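Structure, as structure tokens:
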Amino acid sequence: MSSAPPIVQARQLHKQVSGPEGELVILDQVDLDIYQGQSVAILGASGAGKSTLLGLLAGLDLPSSGSVLLGGQTLETLDEDGRAALRAGRVGFVFQSFQLLPTLNAMENVLLPLELAGAGDARKRAAALLERVGLKERGKHYPRQLSGGEQQRVAIARAFASEPQLLFADEPTGNLDEHTGQRVAELLFELNREHGTTLVLVTHNQHLAARCDRRLYLEDGCLHQEAMA
Amino acid sequence: MMQLIIGGLRSLWRERTSAEIRLLAVALVIAVASVTAVAFLTDRINGTLSRQAAELLAADLVVSGPYPIKEEWRQQAAMAGLQTADSIAFGSVVLTEEETLLTAVKAVSDSYPLRGRLRTAGALFEGEQAIDAIPQLGEVWVEPRLLRELALNVGDELELGASRFRIARVLTYEPDRGGNLIRIAPRVLMNKIDLPATRLVTPASRVRYSLLLAGPADTVSDYARWLSPRLSKGFKVQDVTDARPELATALKRAQSYFGLVSLMAALLAGITIAMATRRFVDRRLDGVALLRCLGVSRRRALTLHLSEILWLALPAALLGSVFGWLTQLVLIKLLVGQLPADLPTPSVLPVVQGLLLAMFLLLGFALPPLLRLGKVSPLKVLRRELAPPALSNLLLYVAALLGSVALLAWQARDAKLTAYVAVGSIAAVVVTALSAWLLVWLLGRLRQRVGTRWRFGFANLARRPATTIAQTSALGLGIMAILLLAFVRSDLMDGWIRALPEDAPNHFLINIQPADVGALRERLGQLGIESAGLYPMVRGRLTAINGQPVDTESYENERARRLLSREFNLSHTLDLPQDNRILAGQWLLADPLRADQISVEAGLAQTLGLKLGDRLEFTVAGQATQAQISSLRSVQWDSFRPNFFVIGPPAWLDSMPATYITSFHLPPEQRGRLTGLVRSFPSVTILDVVALMRQVRDLLNQVSRAIEFLFLFSLISAATVLWAAIQQSAEQRRQESALLRTLGASSATLWQGLAAEFLALGAIAGIIGTAGAAAVAWSVSTQLLELDYQGNPWMWITGMGLGLGVVTLAGLASLGRSVHTPPAQALR
């Protein structure tokens, strides 16, 4: 175990929501430490609460009780804007449904996090990343003009653009066919290695999970740790 | 079928709070309110007109013309047993101790009016009563406006020509008041027996003599048939059935213009309805797929949704009619004084029209997008991406265009006007859309050079060019219409008044009798008034060109027909008037002894196709006289000097009856000096040009305020187009906001992105609207009025303010919530 403090630290994380049949517990007293440079896969059945956990770890949502520390900062004490500012330039995302802005072209989508973080050489860095994901020629194309695999590659370029310390990926290959999914996964792990980024990957794909340093199983709201790779 | 119709009503009730149903309802209500407002007004005016149809002439038949009625005509009427009455109408100035005012005098005989009744009041603001009498000798009845303008009361005296009269009653209504929509001078009604003593009527005065006739229909038509071949030139016969009274014509025209203005709101509502229905359809595709899976036929699925939408017409028409009724009250208030005073309560017809309009808008604009629901495959329940193809845009546009033209035709009820308006509107829409496209394109280029927030906003506009262009064009046209009415009209009018030289003549003296010329010239000299010269004026009709009798009908040009159907003002002098220039041929002085030569104004020559050397024959007071065109002249009509279409040497018209005319400049504060002049020359009529122009401007102001008010509906309608467009993208925007938050954007960044988008949208609409209004103003003033165009900075401020204000408020109000979308939504 590293001597440096964990980059993500969850303590007694509890999340419940009200449904038609009363309170529903999604996460129950979850403890988790993720260290700089690790890659962690969170596995679980559909509806197990994987995406909810990811949202809490990234500060997109707040727990019912318990706390999350992101880069040493307690998220519960920050308001929505404070949490957004904490994410800007430090956290990257890759989503199952790509989530590119349809009104912006590929280049502008990659530029977005750089500009939000106020990076100086944004355009150069975005161009380099597009080239790295093999879409140098497609910078002016809009999302609807790109295939699913290409869109996800743009999303990956966007995720790495601000050189985040931490990358959250939510089923990144879930919407792709097997072959394209493999190539996109390849790219994701390559870039992760090159940038030394900490990766938190939510998936139910065992092959993808097997490529991570750690695998955690979410079941009945509780997190079960598998042996470290 | 019944089951489906009830089913539609049930669905509508369940979905009454859904955004697109609300939007449809709002669009319909605005359209119905705008159109029924005018329909209510029209209905009430038409009610008055039909009630007055028999009265409008104050007779069953009226013969009128510029000369006294022939004795033979009277005798024939008397023999036929028809009732008759006389009316003699002319313009004249009335005098009080300090003031003068141009009035429309009418002298009538005892039996006037033969149909309808006069109504009068004992004093200003007192209740009116019908009265079966005419003013007694030495008395006049006057319209309220005269009392107000001259600060007089019943019982006071006024001078009319050489006589003094006591104001006995206030005249509130006369059946044959005619085109009071544009009559500027107030009425003075007097007894015919008093007329000679005023010395106001001389052989050459501009007077309209009318013989009113009434009796059994057969006798009247027999008389009309007898009279027709005996009528002298300049005389016409009007009866209630075939003669469209001036009032009715003027009101009909005003109604169709108001109607067309109100239609703009309805057409914009059509766009909103098409957009809202598209969203309605998108959101129901899954449901319809499920219904199809469960065995519902395409037809049933479609009918169910169509009936749901059509049910909306009923409440929308009722609510819209209520707003229309209220609006009509405001319109009447704005047009006070220009409309008949006692409008009847309207019928329910406008409400029916409102309902028909609502159904029409729904069928014309909602049905085409709705048809898509009939094409949903049941397989969509398994494969969600399997949506039926969206209807081709071309088909939608063609449907909308046909719908719009049908609406126009319905409102204008005139094929030619419909064609003009349709072509004009299409041209305006094309120009506006092209400008919008250009601005959106520029914005797209600009986004490379601006920061994230601006880029985000600009990108939203540039990526939805069709929507952006539709929104900015609709708003731009609305803004343009309001600016044209609010600024350009009064700017142009003021500009015209300003453009007159300081010392340009502002008063005309007309009806100067030849015997008075010398004395009047002397008197003007004594008063220190420098006149533009005293010119004789002879009224003659052009009857033949190069020996061929003039056939008015053979002229295509409407102006030519109008000119030929009335008398020209001819004059004689040997001195070329100051502001005239010879364009072709030689001025009369080249051959001063030749009597049969004339100089013709070049514009008139062009309109009538006349050239040098043509021989023209004029009929003056029944005598024919011929002359040859020896020169063509340009005339500066707006110099306010006496000017004439045709001038000959004195020898040409010497023996013809003439009156003289002159004009001069008199500072407004010295108007009092004219009082004495009018007293010495009672038959002379003074026209105060600037005062007349101001009165015309005031009338225009009043009418255009009413139109401006109607255009507010268009602006609100344009705002709903915006609302519909925003709604279409609302879901996507919420998703984008969530994503941006996830990527670390602050709420300030999101707000600024939205603000950038709407500011740009508003600015484009503002630029289009203001530039359009400025272009129209520029071309009208430089091309039509030949004035220097001076831009009005307030117009730009207002135009941009309207664009930015309306758009930014509407946009931020409807999308503000999307900024607060929780970022976790990006994961779902």
Inset, instruction - Give the angle, between 0 and 90 degrees and rounded to the nearest 10, that separates the Cα long axis of helix B:2-14 from the longest principal axis of the Cα atoms of chain B. - result: 80
Legend entry - Helix axis angle, B:747-779 relative to chain B longest principal axis, alpha carbon, degrees: 20
Legend entry - Within 10 Å of each Cβ in A:114-126, the average number of Cβ atoms from other chains: 2
Legend entry - Rough spin-label spacing in nm, given labels placed 7 Å along Cα→Cβ, for B:K611 and B:E157: 6.4
Legend entry - Neighbourhood charge, 10 Å Cβ-Cβ cut-off, centred on B:A151 and excluding it, Lys, Arg +1 and Asp, Glu -1: -3
Inset, instruction - Express in nm, to one decimal, how much length is gained between B:S680 and B:L318 on full extension, taking 0.36 nm for each residue of separation and deducting their alpha carbon distance. - result: 123.9 nm
Inset, instruction - Quick one, can you get me the convex hull of the C-alpha atoms of the protein assembly as shown expressed as volume per residue in Å³? - result: 234
Inset, instruction - Provide the FRET efficiency to the nearest 0.05 for the A:Q182-B:R449 pair, computing r from the beta carbons and using R0 = 25 Å. - result: 0.05
Legend entry - Computed label-point distance, nm, for sites A:D121 and B:W751 using a 7 Å Cα→Cβ extension: 3.5
Legend entry - ³J(HN,Hα), Karplus 6.51/-1.76/1.60, whole Hz, each residue of region B:620-625, x for Gly, Pro: 10, 6, x, 9, 8, 9
Inset, instruction - Scan around B:I598 for amide H atoms under 5 Å from its own, H built in the peptide plane at 1.01 Å from N, and keep only partners 5 or more places away or cross-chain. - result: B:Q628, B:I629, B:S630, B:S631
Legend entry - Candidates per GluC sites (Glu not before Pro) in region B:117-180, loop by DSSP, up to 13 other Cβ within 10 Å: B:E126
Legend entry - Normalised alpha carbon radius of gyration of region A:8-224 [divisor 2.2 N^0.38 Å]: 1.01
Inset, instruction - Divide by every residue of chain A the summed helix terms, -39500 (n - 2.57) for each DSSP H run of at least 4, and state the resulting mean residue ellipticity at 222 nm, rounded to the nearest 500 deg cm²/dmol. - result: -10000 deg cm²/dmol
Inset, instruction - Counting only DSSP beta bridges with both residues in the protein assembly as shown, tell me the antiparallel percent, nearest 5. - result: 75
Inset, instruction - Could you work out the local net charge near B:G540, counting Lys and Arg as +1, Asp and Glu as -1, over the other residues with Cβ closer than 13 Å to its Cβ? - result: +2
Inset, instruction - Starting from the amide H of B:Y173, placed 1.01 Å from N in the peptide plane, find each other amide H under 5 Å away whose residue is 5 or more places distant or on another chain. - result: B:R119
Inset, instruction - Please work out the FRET efficiency for the pair B:L812 and B:A409, using the Cβ-Cβ distance as r and a Förster radius of 56 Å; give the result to the nearest 0.05. - result: 0.90
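Counting partner chain Cβ atoms within 10 Å of every residue's Cβ in B:734-743, what's the average?
Counting other chains' Cβ atoms within 10 Å and averaging over B:734-743 gives 6.
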Legend entry - Theoretical gain in end-to-end length, B:L9 to B:L294 [0.36 nm per residue, Cα-Cα removed]: 100.5 nm
Legend entry - chain B: calculated mean residue ellipticity at 222 nm from DSSP helix runs of at least 4, using -39500 (n - 2.57): -17000 deg cm²/dmol
Inset, instruction - Pop a pseudo-label 7 angstrom from the Cα along the beta-carbon direction at both B:R594 and B:D239 and give the gap in nm to one decimal. - result: 5.0
Legend entry - Cβ-defined net charge surrounding B:T675, 12 Å radius [Lys, Arg +1; Asp, Glu -1]: -1
Inset, instruction - Assuming R0 = 45 Å, can you tell me the calculated FRET efficiency for the pair B:Q578 and B:L402, based on Cβ-Cβ distance, to the nearest 0.05? - result: 0.20
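Across the residues of A:100-110, average count of Cβ atoms on other protein chains within 10 Å?
Partner-chain Cβ atoms within 10 Å, mean over residues of A:100-110: 5.
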Inset, instruction - State the three equivalent ellipsoid semi-axes of region B:531-664, derived from the C-alpha gyration tensor as the square roots of 5 times its eigenvalues, in descending order and whole Å. - result: 21, 16, 16
Legend entry - Neighbour-count order for B:L263, A:L116, B:L318, fewest beta carbons within 10 angstrom listed first: B:L318, A:L116, B:L263
Inset, instruction - Determine which lysines satisfy two conditions relative to B:K236: a Cα distance under 19 Å, and not lying fewer than 8 residues away in the same chain. - result: B:K70, B:K106
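Only the coordinates and a few stated rules stand behind these numbers; no lab work does. Model, not experiment: these values are computed from the prediction. With ideal geometry, Cβ positions are generated from the backbone for all residues, glycine too; neighbour counts draw on all protein chains shown.
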